[in-house]
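*Asks:* Quick one: the structure is below, questions incoming.
The values are calculated or read from the model by the stated rules, or taken from the named source; none is laboratory data. Small disclaimer: the values here were computed from a predicted structure and weren't measured. Note that each Cβ is placed from the backbone with ideal geometry, even for glycine, and that neighbours are counted across all protein chains shown. For the accessible areas, the whole protein counts, side chains as well, though only heavy atoms, and no ligand, DNA or RNA atoms are used. Shrake-Rupley method; radii C 1.70, N 1.55, O 1.52, S 1.80 Å.
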Amino acid sequence: MSRSVRLVPTAALLAVALTLTFALTACDDDADTEGPSGAPGLSDPYFPKAGNSGYDVSHYGLTLAYTPDGNRLTGTAAITARATEDLAAFDLDLVGMEVEKVTVEGGTAEYERDGEELTVRPPDALAQGETFQVQVRYSGSPRTITDPDGSKEGWLRTADGALALGEPTGSMAWFPGNHHPADKASYDVTVTVPKDLTAVSNGELRSERTTADGRRTFAWHTAEPMASYVATLAIGRYTVTRSTVPGSSPEEDGLPVYVAVDPTQTAASRKVLARLPEVMKWARDSFGPYPFSSTGAIVDRPEDADYALETQNRPVFPGAPAIELLVHETAHQWFGDSVTPKSWQDMWLNEGFATYAEWLWTEDDGGATAEETFTKLYDHGEDEYETLWAFPPAKPTSAADISDEAGVYQRGAMVIHRIRQAVDDDDLFYDIVQGWAAAHRHGNADTAAFTAYVEKAAPDTDFDEIWSDWLYGEGKPARP
């Protein structure tokens, strides 16, 4: 951020100005640090600094303005939270950006920065159980973050705007918050952009207007709890299509659909996106009622991102997706977005189910059965996935492996199929799948909760070998 500087005529005046500056700054290194503070980080096994303890966020209100020329973002984040312990200070996650002011319950708060940690000291200590609002005013050029696996996330500049992707920690590049999947919240995202651009986020578009200076403002609302890693913001020259898909029953109103496609991808995407109603119906039949109040997609250029992401309500695709990828990201709305992992160690619950959804779709569409896909993968999987048996789905070797195509996606799907084999009853299997999605709808769950749920749902089946060899075991399990 650049600021204009007015020269003072004398050294004395300069000294006075500097004294006032240091007296008024919110970043006071000598601030009173006495009293309990939330921990900076939730000790996640793969991202220990992600998230913060001491409070639980219920709502993010983000008011943003973006200018692609110069990559300049200005924002105010109004974060509503409840203290889960007495707090004299607490942390927010924010990387880059310049913080201009922080208030807590309307009073100016002291703060300091240390890497991705923004430590806030409220003017009055917060009592356990107290609901409070912290506002952070900030600006700057949002950063692109390189993940441990080498992929790019955070704020990705595109040919005509920007694309914000957050898995696993990239959302801290564009707004401050408690950036760990264990803390979900509702969102209001209001974005002002140049008049020839569109701003797309999660949830439903509440309003669209032209400002006095000719820019355009878009207000998006997400009522259902959302983990910050599946929050998105796409800014560009999109072709927008609005429609509805049928509800779960004749009595239900149609589900709103909002699709934004980069004009260079319109022709290539038309056929597959036309199948979204079909995919939605199939997914509801397979996994139970859809957990959100709208659906859709964002299709950007292939060079804008090198992966698709299950951003809530509205998955992001780098170019026109294949039908299997559309199915995969749609399944994530149940597994990952609605039922969200408690920690990044539980990623196989997201990717195993979404990958198995591809197998089920292919089976129901007249292609290879899931059993055939499983057998082929067991017998010859190493030909395509060298690391297929390198680590078990529930124990990735490192942070770089939590999204590993072989160990997490494919082996995760194999675990789901082993459960299906073990119960040997498709009615019971689908009861388990749908029951799991319903039991933890809009919540968080871990692997231990999943195995306990499966065992309770099928008490006459022995799952010990599946858990020990397929879910947690090292190496290639014995042939089932």
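*Asks:* Bins of 10 Å, beginning at zero and ending with the bin holding the largest distance: percent of Cα pairs per bin for region 320-360, please.
*Replies:* Pair shares across the bins are 34, 51, 15, 0.
*Asks:* I would also like to ask the following. What percent do you get for the relative contact order of region 234-376 when only Cα pairs under 8 Å and 6+ apart count?
*Replies:* Taking the mean separation of contacting Cα pairs over the length of region 234-376, I get 17 percent.
*Asks:* Still on this structure: Tell me, how many Å apart are the Cα centres for region 161-178 and for region 99-151?
*Replies:* Using only Cα atoms, the two centres lie 14 Å from each other.
*Asks:* What does the highest-first list of 129-135, 93-99, 467-473 look like by mean Cβ count within 10 Å?
*Replies:* Top to bottom by mean Cβ count within 10 Å: 93-99, 467-473, 129-135.
*Asks:* So how far, in whole Å, is the C-alpha centre of region 283-341 from the one of region 423-437?
*Replies:* Here the two parts' Cα centres lie 22 Å apart.
*Asks:* Testing the spin-label approximation: label points 7 Å from Cα along Cα→Cβ at T239 and R441. State their distance in nm.
*Replies:* Modelled inter-label distance: 3.6 nm.
*Asks:* Using Cα-Cα distances under 8 Å and only pairs 6 or more residues apart, what relative contact order does region 71-168 have, in percent?
*Replies:* Normalised by residue count, the contact order of region 71-168 is 33 percent.
*Asks:* Using the heavy atoms of the protein chains and a 1.4 angstrom probe, tell me the accessible area per residue for region 341-480 in square angstrom.
*Replies:* For region 341-480, the solvent-accessible area averages 42 Å² per residue.
*Asks:* Helix 276-287 sits at what angle to the longest principal axis of the chain, using alpha carbons and giving 0 to 90 degrees rounded to 10?
*Replies:* Compared with the principal axis, the helix lies near 70 degrees.
*Asks:* May I ask you to derive the FRET efficiency for S139 and A322 from their Cβ-Cβ distance with R0 = 51 Å, giving the value to the nearest 0.05?
*Replies:* Efficiency computed from Cβ-Cβ geometry: 0.80.
*Asks:* Follow-up question, since we're still on this one. Hey, for a label at A267 modelled as a point 7 Å past Cα toward Cβ, could you say which residues of region 278-311 have their backbone N under 20 Å away?
*Replies:* So the set is 299-304.
*Asks:* Working from Cα positions, state the angle (0 to 90°, nearest 10) between the long axis of helix 447-457 and the longest principal axis of the chain.
*Replies:* 40 degrees
*Asks:* With only alpha-carbon atoms in the gyration tensor, what are the semi-axes of the equivalent ellipsoid for region 321-480, in Å, largest first?
*Replies:* For region 321-480, the ellipsoid semi-axes come out as 20, 18, 18 Å.
*Asks:* Please give the helix 411-423 orientation as an angle from the longest Cα principal axis of the chain, in degrees from 0 to 90, rounded to the nearest 10.
*Replies:* Approximately 40 degrees, to the nearest 10.
*Asks:* Let me ask something else about it. If contacts are Cα pairs under 8 angstrom and at least 6 residues apart, what is the relative contact order of the chain in percent?
*Replies:* Relative contact order, the chain: 11 percent.
*Asks:* Now a separate question. How would you rank 452-459, 118-125, highest first, on the average number of other Cβ atoms within 10 Å across their residues?
*Replies:* The densest-packed peptide leads the list: 118-125, 452-459.
*Asks:* Quick one: what are the phi-derived ³J(HN,Hα) couplings along region 342-356, Karplus 6.51/-1.76/1.60 with θ = phi - 60°, whole Hz, x for glycine and proline?
*Replies:* 6, 8, 6, 5, 8, 4, 4, 5, 6, 7, x, 5, 5, 5, 5
*Asks:* May I ask you to order 336-346, 151-161 by the average number of other C-beta atoms within 10 Å around their residues, highest value first?
*Replies:* Result, highest mean first: 336-346, 151-161.
*Asks:* Calculate how large, on average over all directions, the projected area of the Cα convex hull of the chain is; give the answer in nm² to one decimal.
*Replies:* Its average projected convex-hull area is 25.7 nm².
*Asks:* Quick one: which residues, 5+ away or cross-chain, put their amide H under 5 Å from the amide H of K101? H built at 1.01 Å from N.
*Replies:* Amide H neighbours of K101: R137.
*Asks:* A follow-up question, please. Under a 5 Å amide H to amide H cut-off, with H placed in plane at 1.01 Å, what residues pair with M226 once short-range neighbours are removed?
*Replies:* A185, S186
*Asks:* May I ask for the distance between the Cα centers of region 345-418 and region 198-219, given as a whole number of Å?
*Replies:* Centre-to-centre distance over Cα atoms comes out at 40 Å.
*Asks:* Across the chain, how many lysine pairs, 8 or more positions apart or on different chains, have C-alpha atoms separated by under 22 Å? Please give the number.
*Replies:* Summing the qualifying lysine pairs gives 10.
*Asks:* Let me have the 222 nm mean residue ellipticity of the chain computed from DSSP H runs of 4+ only, each contributing -39500 (n - 2.57), with the sum over all residues rounded to the nearest 500. Don't skip to the end; give the middle numbers.
*Replies:* Working: 9 runs with 114 residues, N = 480.
-7500 deg cm²/dmol, from helical runs alone.
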